[in-house]
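K.L.:
Would you mind keeping the following structure in view while I ask a few things?
The values are calculated or read from the model by the stated rules, or taken from the named source; none is laboratory data. This one's a predicted model, so the numbers in the text were calculated from it and none came from an experiment. Ideal geometry is used to build each Cβ from the backbone, glycine not excepted, and the neighbour counts take in all protein chains shown. Note: areas computed on protein heavy atoms with side chains; ligands, DNA, RNA excluded. Shrake-Rupley method; radii C 1.70, N 1.55, O 1.52, S 1.80 Å.
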Amino acid sequence: MRRPGLRERKKQKTRLALIDAALSLFLEQGYEATTVDQIAAAVDVSPRTFFRYFATKEDVALSLAADGQETMLAELATRPADEAPFTALSHAVRAMVTMLQEGDLDDTARFLRAREVIDSTPALFAGSVRRLVENERRLIAEISRRQGTDPDDLLPHFVVALFTAVARVGFELCEPADINDVKALAVRLESTLALAERSLRPGWDRPGHPV
């Protein structure tokens, strides 16, 4: 894997600093009360610099979720062409969770703070749901491409809808004590995926292939 150059590392450092500053301000004084100018000032950069990284306040608040979605889509595109759709999606989301688990303590804390901000802010929660729907469309398009079918074909829509429901159970229906435990979230998701894979009958759209 290519090591990021100095310029890339500086850009990533600034991006993370803006995310951290935004999350701190959102938690301290509320999302609506926080301005882009305040976020930029907290990192000692100009608002113009902020807008080089994020188009809006919503973008910075939901950036980690967006990063996870991009990781999942990239992983899905690399899965073997003959792998069943649900299996490919399961491996893709596992890659996203692995990335989170392998991060350092700062990464974990950042993820949990972002989740807290989203869950406590109706506007951001609505924004996250909207982006999830948009991401589902991208997943459907990728499954359609892999299967060589039209995007309007029922199979990609069905598989993505099923997968989304399973993932939601894994991520959202946790014990209260597990909400702030990344490892517990990962275990819950893995258990839910395993349950779904056991529950689905063998055979998808090709004889001899598991779902």
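K.L.:
Pick from F163, F158: which is more than 30 Å from E32 (Cα to Cα), at pLDDT 85 or above, open to solvent by 30 Å² or more (accessible area, probe 1.4 Å) and aromatic (F, W, Y)?
P.N.:
F158
K.L.:
Looking at E116, E83, E136, E75, which is the one that is assigned to a loop (DSSP other than H, G, I, E, B) and either open to solvent by 20 Å² or more (accessible area, probe 1.4 Å) or under 21 Å from V187 (Cβ atoms) (or both)?
P.N.:
Numbers: E116 fails: assigned to a loop (DSSP other than H, G, I, E, B); E136 fails: assigned to a loop (DSSP other than H, G, I, E, B); E75 fails: assigned to a loop (DSSP other than H, G, I, E, B).
Of the residues listed, the single one that is assigned to a loop (DSSP other than H, G, I, E, B) and either open to solvent by 20 Å² or more (accessible area, probe 1.4 Å) or under 21 Å from V187 (Cβ atoms) (or both) is E83.
K.L.:
Among the residues of segment 9-23, write down those that are closer than 21 Å to A65 by Cα and either open to solvent by 70 Å² or more (accessible area, probe 1.4 Å) or without any contact (Cβ under 8 Å) to a residue 60 or more places away in the chain (or both). If you could, list the steps in order and put the result at the bottom.
P.N.:
Of segment 9-23, the ones closer than 21 Å to A65 by Cα are 9, 11-23.
Within segment 9-23, R9, K11, Q12, K13, T14, R15, A17, L18, A21, A22 meet the criteria.
K.L.:
Considering segment 64-86 alone, what residues qualify as being among the hydroxyl-bearing types (S, T, Y) and more than 18 Å from F171 (Cα to Cα)?
P.N.:
T78 - this is the single residue of segment 64-86 that is among the hydroxyl-bearing types (S, T, Y) and more than 18 Å from F171 (Cα to Cα).
K.L.:
Considering only segment 87-101, I want to know if a residue exists there that is modelled with pLDDT of 90 or more, part of a helix (DSSP H, G or I), more than 16 Å from A186 (Cα to Cα) and not hydrophobic (A, V, I, L, M, F, W, C).
P.N.:
no
K.L.:
Can you tell me which residue is farthest from the chain's Cα centre (by Cα) among those in segment 88-101 that are surrounded by fewer than 19 Cβ atoms within 10 Å (Cβ to Cβ) and under 19 Å from V159 (Cα atoms)?
P.N.:
H91
K.L.:
May I pose another question? Kindly list, by first and then second residue, each pair from a residue in segment 178-202 that is open to solvent by 50 Å² or more (accessible area, probe 1.4 Å) to a residue that is modelled with pLDDT under 70 and assigned to a helix (DSSP H, G or I), limited to pairs with Cβ atoms under 7 Å and residues at least 6 apart or on different chains.
P.N.:
From residues that are open to solvent by 50 Å² or more (accessible area, probe 1.4 Å), the pairs are R188/D178.
K.L.:
Look at segment 33-52 and say how many of its residues are loosely packed, with under 12 Cβ neighbours inside 10 Å and either touching a Pro at 6+ places or on another chain (Cβ under 8 Å) or of a type in the set (D, E, K, R) (or both).
P.N.:
Qualifying residue count for the region: 3.
K.L.:
Give me the pairs, please: first residue somewhere in segment 142-161 and more than 17 Å from H91 (Cα to Cα), second residue anywhere and among the basic types (K, R) and surrounded by fewer than 14 Cβ atoms within 10 Å (Cβ to Cβ), beta-carbon distance under 7 Å, and either six or more positions apart or on two chains.
P.N.:
Cβ pairs passing all conditions: none.
K.L.:
Can you pull out every residue in segment 25-59 that is part of a helix (DSSP H, G or I), within 23 Å of the chain's Cα centre (by Cα) and touching a residue at least 24 places away in the same chain (Cβ under 8 Å)?
P.N.:
If the condition is that a residue be part of a helix (DSSP H, G or I), within 23 Å of the chain's Cα centre (by Cα) and touching a residue at least 24 places away in the same chain (Cβ under 8 Å), then F26, L27, F50, Y53, K57, E58 are the ones that fit.
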